[in-house]
1. Any residue in the range 15-28 that is closer than 29 Å to residue 126 by Cβ, charged (D, E, K, R) and part of a helix (DSSP H, G or I)?
2. Just for the range 10-21: of the residues that are without any contact (Cβ under 8 Å) to a residue 24 or more places away in the chain and closer than 23 Å to residue 59 by Cα, which one is least open to solvent (accessible area, probe 1.4 Å)?
3. Where the second residue is outside any helix (DSSP H, G or I) and the first is surrounded by fewer than 22 Cβ atoms within 10 Å (Cβ to Cβ) and lies in the range 28-39, which pairs have Cβ atoms under 6 Å and are six or more apart or on separate chains?
4. When the residues of the range 87-101 are filtered to those that are surrounded by 23 or more Cβ atoms within 10 Å (Cβ to Cβ) and within 12 Å of the chain's Cα centre (by Cα), which remaining residue is farthest from residue 138 (Cα to Cα)?
5. Among the residues of the range 119-152, which ones are open to solvent by 50 Å² or more (accessible area, probe 1.4 Å), closer than 17 Å to residue 103 by Cβ and among the β-branched types (Val, Ile, Thr)?
6. Would you pick out the residues in the range 51-86 that are acidic (Asp, Glu) and crowded, with 20+ Cβ neighbours inside 10 Å?
7. Would you pick out the residues in the range 125-144 that are closer than 25 Å to residue 197 by Cα and without any contact (Cβ under 8 Å) to a residue 12 or more places away in the chain?
Amino acid sequence: ENNTAKIITLKLQKKDYKDIEKYIAELPTEEERVYYTAQYYAAKKDPKVVKEYETLLQYDKYKAYASKSLGDYYFEKDLSKAKKYYGTYATVNKNPDEYILYRLGQANEKENNLKMALTDYKAVYSKNGKLANDAMLRAAEIYDKQENVVEAEKLFTKLYAVKNNKDLKAYSIEKLIYYKLVKENTKEAKKLYDELKKLDAKRAEKFKAYF
């Protein structure tokens, strides 16, 4: 980074926009000027940012940044556009990060394209990153809605084992009790029910009649 770029970065961090356009104009290349203008507009939540992102798509150096930013911008506004830009990101970046895959999963799930959503979520939890548990939970809930007990039970069993998350554990136990009852495995169900009573008595209430 040259000094001008460093000054702009510092100004953006401090939300000090005085003379920022003057500094941006001093940058040596067109692509840098567009990149920092985009950062400036994004910081101010100025809708003009979209045009800058679209311009950045033509520069290899900023294509990943621009496609991810456009995907995020359109995520709540236009899912098909969001998916298009996340898809561009995935093509540019041969090993797309879990965030993009997770967003693609969410977009496909919202569009009820559940087969693709499951593929995206699986790609996320296979990476074992920060979003792994969230992605696994979303996939487990899709299987649950599809009444695919085998796959749902597999994932909820893994989620049940996640440490230091009481709510997730209680929710997973609740689902597992139900699956055990469906398979008439009362012994296992009772064991889980006793555990749930200690963990979250209120959640356990609904199974009282079974035991």
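The values are calculated or read from the model by the stated rules, or taken from the named source; none is laboratory data. Small disclaimer: the values here were computed from a predicted structure and weren't measured. All Cβ positions, glycine included, derive from the backbone under ideal geometry; neighbour counts span all protein chains shown. The accessibility values were calculated without ligands, DNA or RNA, using every heavy atom of the protein model including side chains. Shrake-Rupley method; radii C 1.70, N 1.55, O 1.52, S 1.80 Å.
1. No, the range 15-28 contains no residue that is closer than 29 Å to residue 126 by Cβ, charged (D, E, K, R) and part of a helix (DSSP H, G or I).
2. It comes out as 20.
3. Listed pairs, sorted by first residue: 31/59; 33/27.
4. Step by step, filter the range 87-101, then rank; the result is 100.
5. The answer is 119, and nothing else.
6. Correct list: 52 only.
7. Within the range 125-144, 141 is the sole residue that qualifies.
Quick grid of which residues meet (1) farther than 26 Å from residue 87 by Cβ; (2) open to solvent by 60 Å² or more (accessible area, probe 1.4 Å); (3) part of a helix (DSSP H, G or I); (4) modelled with pLDDT of 95 or more:
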| position | (1), (2), (3), (4) |
| --- | --- |
| 105 | no, no, yes, yes |
| 117 | no, no, yes, yes |
| 154 | yes, yes, yes, yes |
| 159 | yes, no, yes, yes |
| 175 | yes, no, yes, yes |
| 179 | yes, no, yes, yes |
| 188 | yes, yes, yes, yes |
| 196 | yes, no, yes, yes |
| 203 | yes, yes, yes, no |
